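Participant: Got a structure for you, questions after.
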Amino acid sequence: MADLKAFAEQLVNLTVKEVNELAQILKDEYGIEPAAAAVAVAVGGGDAAPAAEEKSTFDVILKEAGGQKLAVVKLVKDLTGLGLKEAKDLVDGAPKELKAGVAKDEAEALKKQLEEAGAVVEIK
């Protein structure tokens with residue numbers, strides 16, 4: 001059971017890039033289409049609870065700068081319009097909110113950019 005909990009923890013902490021790579025491996029090596037699997041699970045659960053109302057706005061939270069702090073500071077500066085010192089202070093003070101009330105697509109795009117720069121990001 002402990003091994004499954006550790007495995008679940010690893011899955012939850014995957015970056016967007018890692019999730020996409022995992023989906024590709026599942027498709028290429030095992031013939032599993034992630035979207036099809038989600039539909040099968042949704043259709044199979046006859047007594048499922050009603051779906052919660054989907055959020056329309058999200059907050060992008062910088063959890064930590066990661067190993068590429070300078071690249072993250074520069075990207076935060078560009079994304080927020082802050083000066084270099086203010087962007088550095090924001091990154092140093094992580095976890096911090098970078099953008100609030102943005103659309104899902106924009107939040108995911110920001111998260112992807114920041115993760116590619118080395119940051120750890122969360123969307124709430």
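Participant: Any residue that is among the β-branched types (V, I, T), out of contact with any Ser or Thr (no Cβ under 8 Å at 6 or more places or on another chain) and not in a helix (DSSP H, G or I) - is there at least one of those in the range 99-119?
Facilitator: no
Participant: In addition: Determine whether I32 is modelled with pLDDT of 80 or more and either of a type outside the set (G, A, S) or under 17 Å from the mean Cα position of the chain (by Cα) (or both).
Facilitator: Details: modelled with pLDDT of 80 or more: no; either of a type outside the set (G, A, S) or under 17 Å from the mean Cα position of the chain (by Cα) (or both): yes.
When the stated conditions are applied, I32 does not pass them.
Participant: Take K69 and decide whether it is modelled with pLDDT under 90 and surrounded by fewer than 16 Cβ atoms within 10 Å (Cβ to Cβ).
Facilitator: no
Participant: A follow-up question, please. For the condition open to solvent by 90 Å² or more (accessible area, probe 1.4 Å) and free of Cβ contacts under 8 Å to residues at least 60 places away in the same chain, what is the one hit in K99, K112, K74, K124?
Facilitator: Selected residue: K74, the only one of K99, K112, K74, K124 that is open to solvent by 90 Å² or more (accessible area, probe 1.4 Å) and free of Cβ contacts under 8 Å to residues at least 60 places away in the same chain.
The values are calculated or read from the model by the stated rules, or taken from the named source; none is laboratory data. Only a predicted model underlies this, so the values are computations on that prediction, with no experimental measurement involved. Glycine gets a Cβ as well: all are built from the backbone with ideal geometry, and neighbour counts include every protein chain shown. Calculation scope for accessible area: heavy atoms of the full protein, side chains included, ligands and nucleic acids excluded. Shrake-Rupley method; radii C 1.70, N 1.55, O 1.52, S 1.80 Å.
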